[in-house]
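Comments concern the structure below.
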Amino acid sequence: MPAAGLWITPVRGRAALSALAWTAGYVVGLVVVVLLGLLVANVVGTARPDTALLALVVLGGTAVAALLAVWVHLLRRRGLRWADVGLRAPERSPLHLLWQIPAVMAAGVAASMVVLIPLGAGQEGSDDALADLATGGPVFVVLGLLAVAVLVPVAEEVVFRGIVLPALRARFRAVPGVALAGAVFAAAHLIPPALPYLLVVGICLCVMAQWYRSIVPGIVLHGVNNAVVFAGIVAAGAT
């Protein structure tokens, strides 16, 4: 019986690298298709699609593309289940989320203040897609909330905690593996001012995945975090 708290999964080594490569390919492919569509629309002189619609397609589409890549090129190809990437019932009470969610978010904010205030920098990042959704009207606000609070957290937790984390844990020891997985998560967002916050949240999500032996609680925390960020952008746009 594996020691309590260890993240046990068959996804590692070449299987993990292959899955990540396919996932990146699917996501980049979707973005390229969207860009080509915009180019064609510009050439033929048709009306440019609404920015809120584009933001929804990119955010929701990349999440779906990532999950599709994992299913096709990892789970189905290797005879695995979603439970093998952490989508299974947690082994500890989800009620711990009542204190973990505010604690993790507060720790992220504290890390940002410690790093950014001495540099005279703000925590604002490039949230153009979220801003477009927030100003696109009630329908896009609701659909955007579903995308950022449900679809995106599921996809990111499957990729970063279900594949990246166990692969790095298999290659390195517990602490370096968790730290590296958190760093990969933060860097992948490509928002430099948000790096301290994302690094802390990413590491905490890795620890939670191991503690619960499930990525489901992390999906909940991730979704709440994204919903709070999106709600803040919506509120700022309404003032």
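The values are calculated or read from the model by the stated rules, or taken from the named source; none is laboratory data. Please read all numbers here as calculations on a predicted model, not as lab measurements. Backbone-built Cβ (ideal geometry, glycine too); neighbour counts: all protein chains shown.
Here are a few things to note about the model shown:
- Scanning the range 229-239 for residues that are surrounded by fewer than 13 Cβ atoms within 10 Å (Cβ to Cβ) and part of a helix (DSSP H, G or I) returns 235, 236, 238.
- Filtered by the rule that a residue be outside any loop (DSSP other than H, G, I, E, B) and of a type in the set (S, T, N, Q), the range 211-228 gives 225, 226.
- Condition met for residue 60 (at pLDDT 90 or above and either over 22 Å from the mean Cα position of the chain (by Cα) or under 16 Å from residue 155 (Cα atoms) (or both)): yes
- Among the residues making up the range 77-92, those that are of a type outside the set (A, V, I, L, M, F, W, C) and either exposed (fewer than 12 other Cβ atoms within 10 Å of the Cβ) or touching a residue at least 60 places away in the same chain (Cβ under 8 Å) (or both) are 78, 79, 81, 84, 86, 88, 90, 91, 92.
- Subset tally (residues that are surrounded by 10 or more Cβ atoms within 10 Å (Cβ to Cβ) and either of a type in the set (A, V, I, L, M, F, W, C) or not in a helix (DSSP H, G or I) (or both)) for the range 17-51: 21
- Remark: pairs (first residue in the range 17-39, of a type outside the set (D, E, K, R); second residue not in a helix (DSSP H, G or I); Cβ separation under 9 Å; 6+ apart in sequence or on different chains) = 19/11; 37/49; 38/48; 38/49.
- Residue among 74, 54, 95 that alone is over 20 Å from residue 33 (Cα atoms), of a type outside the set (Asp, Glu), part of a helix (DSSP H, G or I) and in contact (Cβ under 8 Å) with a residue 40 or more places away in the chain: 74
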